[in-house]
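See below for the structure under consideration.
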Amino acid sequence: MSLSDPIADMLTRIRNGLRARQQTINVRASKTCEGVCRVLKEEGYLADYKRIEDGKQGLLRVYLKYGPQGEEVITEIRRVSKPGRRVYVGKGDIPWVLSGMGISILTTSRGIMTGQQARRQGVGGEVLCYVW
C-alpha cells in the first residue's frame, strides 16, 4: 500500500482516534510525521509519541490526550498543503489560526515548527496543517 500523502493519513488517524476515544493510534513513521508529532506534543495537543521499529519503515505510536472530563484536546486538525496544491508562505504572511487560539505547523529550512516559532525566527515555509 503506497500512500501519496502520509501527513494527511496521520492527521485523519488522529482525528478518528479522538472521535473513537482511543488512547493510542499507530501511524507509519517518517521524519515529517515525527516532526509534526513532536510539535503537537510540545504544544500540549498530544500526550506522547514513540517510534517503534518493525524491520521495515517503522511505526509511530501516538498517545492521544483528553481533558479532565474526557473532552478532546484537539477540536479540529486540518491539512493545508496537499501534494496536488502546495501552500507556501513568506515570513510576513504566516497565518494566525483562530486569532492565536490555534497553531499552524510549517516545514521550514530550519525544521518543522509552529507558525509562531517561524515568525520569531523570521522564516517562511510550507504550511502543513492547522490545529485548534
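A few comments on the model shown:
Residues are listed down the side, and each one gets a yes or a no for (1) touching a residue at least 60 places away in the same chain (Cβ under 8 Å); (2) over 18 Å from Trp132 (Cβ atoms); (3) of a type in the set (A, V, I, L, M, F, W, C); (4) assigned by TED's automatic domain parsing to the domain that holds Arg120:
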{"site": "Ile14", "(1), (2), (3), (4)": "yes, no, yes, no"}
{"site": "Ala29", "(1), (2), (3), (4)": "no, yes, yes, no"}
{"site": "Glu34", "(1), (2), (3), (4)": "no, yes, no, no"}
{"site": "Gly70", "(1), (2), (3), (4)": "no, yes, no, no"}
{"site": "Ser81", "(1), (2), (3), (4)": "no, no, no, yes"}
{"site": "Asp93", "(1), (2), (3), (4)": "no, yes, no, yes"}
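- Any hit, the stretch 106-119, residues being in contact (Cβ under 8 Å) with a residue 12 or more places away in the chain, more than 16 Å from the chain's Cα centre (by Cα) and assigned to a helix (DSSP H, G or I): yes
- The strands (runs of 3 or more DSSP E) found wholly in the stretch 16-92 and carrying at least 3 residues that are within 17 Å of the chain's Cα centre (by Cα) and farther than 25 Å from Ala118 by Cα occupy 24-28, 59-64.
- Answer from Lys50, Lys56 - the residue that is out of contact with any helix residue (DSSP H, G or I) (no Cβ under 8 Å at 6 or more places or on another chain) and at pLDDT below 95: Lys56
The values are calculated or read from the model by the stated rules, or taken from the named source; none is laboratory data. Note that the structure is predicted; figures quoted are calculated from it, not measured. Cβ coordinates were reconstructed from backbone atoms using ideal geometry, including for glycine residues, and neighbour counts include every protein chain displayed.
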